[in-house]
Amino acid sequence: MRKASWTHLFLAAAVTLLTLPAEASPPVGTISPVTGNLSATDCINPEGITLDLLGNIYTGSAALAPVTHICKFDHNGTFVKSIPISAGPGGITPLLGVHFEAPHTIIALDFANSLANHTANQGRVLSVDVESGAVTTIANGFAFPNGIAEDLTGNLYVADSFHGTITRMRQDGSNKTVWSADPLLAGTSTNPGLPIGANGIAFDLFFQHLYVSNTINRRIVRINVGPNWTAGAAEIFADGVAIDGATGTALKGADGITFDLFGNLYVAANAANEIQVLSPSAQLTARYSNPALPVDTSASPIFWGTQLFFTNLSLLDGGINSSVAVLQTSTFGLPPL
C-alpha cells in the first residue's frame, strides 16, 4: 500500500470517529468483545489481524490444522466470510501475521510444522486474494515467520522468530534478502523449546526506526533505518526485566506492537494478558486488561482511529476463548500501511 492509501486510511478513520455521537464510545481503557466467541468457527485461535480501507477486520487462524482460514468481519465484528488456506510441505498451515494490501490482497505468514521441527524451514509467505480466494506462495524457507510491516516504497519486512532475523522482499516475493540478523533479535537458550525472538514489528511515524519485540527476552529492539531502507545499528529500546524485575510482567510475552501518533508504543504482552503502553522514552505508562473478558494470549494490536483492535489467540485454553477485542484509547493510532 502506498503513502496515499495510508493517508486515506487515517483520514477515513478520523472522519468516522468525529461523526460518531459522544456516547457511542466507551470510556478510555475499556476492553470490549468485537466478534464474540470464535471457538466453534473457522477462526479459532486468531493471531494476526489487519484492516482494509473501510475498517473491515481480517484475522488468520493459528490452529495446527491441514487447512486453516483467513476470516473477514465487518467493523462491528459481524462475520462476512472465510477463505481456506491449504498446507504446503509442512503438512499444516497455522497462520500468524496478516497484512492488507489494497485493493483486495492479504499477505499471510504460515509457520507450518515449525513447532515440531524448528529446523524444517517450511514456513511460507502467502498472497491471498480475498475476492477470488486464490492463494499464492510468494516466499518460503522461513522457520517461524511471525510479524510483518511495510515501508513507504512497498517493501515487506518479515520477522522470523526462530531465526532471529528480519527479511525484506517485494510484494511478489522478489528481491528477498535478510535485512537484519542482529543478535538482539534472537531468542535465548533459556527456553530452547520455544525460542521466540523477533516477533511484532512496526515502523515509527517518520520511518526512522523499525521497532521489534523480542518475546522470550521481554524486550523491544529498535533498528535505525539508513539510506535506501538499509538496516543500521540495533539497540535495546525497552527491557521488561529492567522495568519491573525478573519476576515482573512488564513486556512479558511481548507480541505484536503498534504506535499512536504521539510515539507511544502499544504492546500486546500475551503472557501477561495485557496491552501495555511504552512512552517515547521507554517508560511503561499504562497497562490495560479486562478480568471480565476471558483473555488468554493477547496478540497483534492494530489501530483504527482511537480504537485498538487485537486478537485473543486463546493459546493455552484450547481455543475456547478465541475472539477479537477492542481497547478504547485516548489518542489516534498510527494507521497501518
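Where a number appears in this text, it was derived from the coordinates with a stated rule and is not lab data. For clarity, every value in this text was computed on a predicted model and none was experimentally measured. Cβ sites come from the backbone with ideal geometry, for glycine too, and all protein chains shown count toward neighbours.
Set the Förster distance to 30 Å, then compute FRET efficiency between Phe262 and Asp151 from the Cβ-Cβ distance, nearest 0.05. With a Förster radius of 30 Å, E is 0.90.
Each Lys or Arg adds one and each Asp or Glu takes one away; over the other residues whose Cβ falls under 13 Å from the Cβ of Thr93, this sums to -2.
Please say if the range 117-158 is rounded, prolate or oblate, where rounded means a/c under 1.5 for a ≥ b ≥ c the square roots of the C-alpha gyration tensor eigenvalues, and otherwise the choice is prolate for a/b larger than b/c and oblate otherwise? All intermediate terms of the calculation are to be shown ahead of the outcome.
Working: a/c = 2.75, a/b = 1.25, b/c = 2.20.
Note, shape of the range 117-158 comes out oblate.
Grab the beta carbon distance between Gln208 and Ala246, set R0 = 30 Å, and tell me the FRET efficiency rounded to 0.05.
Details: r = 32 Å, r/R0 = 1.06.
About 0.40, to the nearest 0.05.
Can you compute the label reach from Ala181? Point 7 Å from Cα along the Cβ direction, backbone N cut-off under 17 Å, restricted to the range 213-254. Answer for the range 213-254: 231-234. Modelled spin labels at Thr137 and Phe79, positioned 7 Å past Cα toward Cβ, are 2.9 nm from each other. The residues neighbouring Leu51, those whose beta-carbon lies less than 15 Å from its own, together hold a net charge of -3 under the Lys/Arg +1, Asp/Glu -1 convention. Note on the range 93-205: the alpha carbon radius of gyration divided by the globular reference 2.2 N^0.38 Å gives 1.03. Take the alpha carbon gyration tensor of the range 145-199, find the square roots of its eigenvalues, order them as a ≥ b ≥ c, and report rounded if a/c is under 1.5; if not, report prolate when a/b exceeds b/c, else oblate. Verdict is prolate for the range 145-199. Extension gain for Thr188-His104 works out to 26.4 nm (0.36 nm per residue, less the C-alpha to C-alpha distance).
Over all other residues within a Cβ to Cβ distance under 14 Å of Asn321, the charged ones net out to -3, with Lys and Arg as +1 and Asp and Glu as -1.
Legend: P(r) of the range 137-278 from all alpha carbon pair distances, 10 Å bins from 0, whole percents, reading 13, 45, 33, 9, 0. Reducing the range 226-260 and the range 52-99 to their Cα centroids gives an inter-centroid distance of 27 Å. Counting only Cα atoms, the range 292-337 measures 34, 25, 11 Å along its principal axes, largest extent leading. For the range 160-232, the equivalent ellipsoid derived from the Cα gyration tensor has semi-axes of 22, 15, 9 Å, listed largest first.
Hey, of [x] -0.41, -0.71, -0.82; [y] -0.39, -0.76, -0.91; [z] -0.31, -0.62, -0.75, which did the structure itself give for log10 I(q)/I(0) by the Debye sum over Cα atoms at q = 0.08, 0.11, 0.12 Å⁻¹ when calculated? Of the listed options [x] -0.41, -0.71, -0.82; [y] -0.39, -0.76, -0.91; [z] -0.31, -0.62, -0.75, [z] comes from this structure. Here His118 and Arg170 are evaluated by their C-beta separation; at R0 = 30 Å the FRET efficiency comes out at 0.65. With the simple model of a label 7 Å out from the Cα in the direction of the Cβ, Ala292 to Ser25 spans 2.1 nm.
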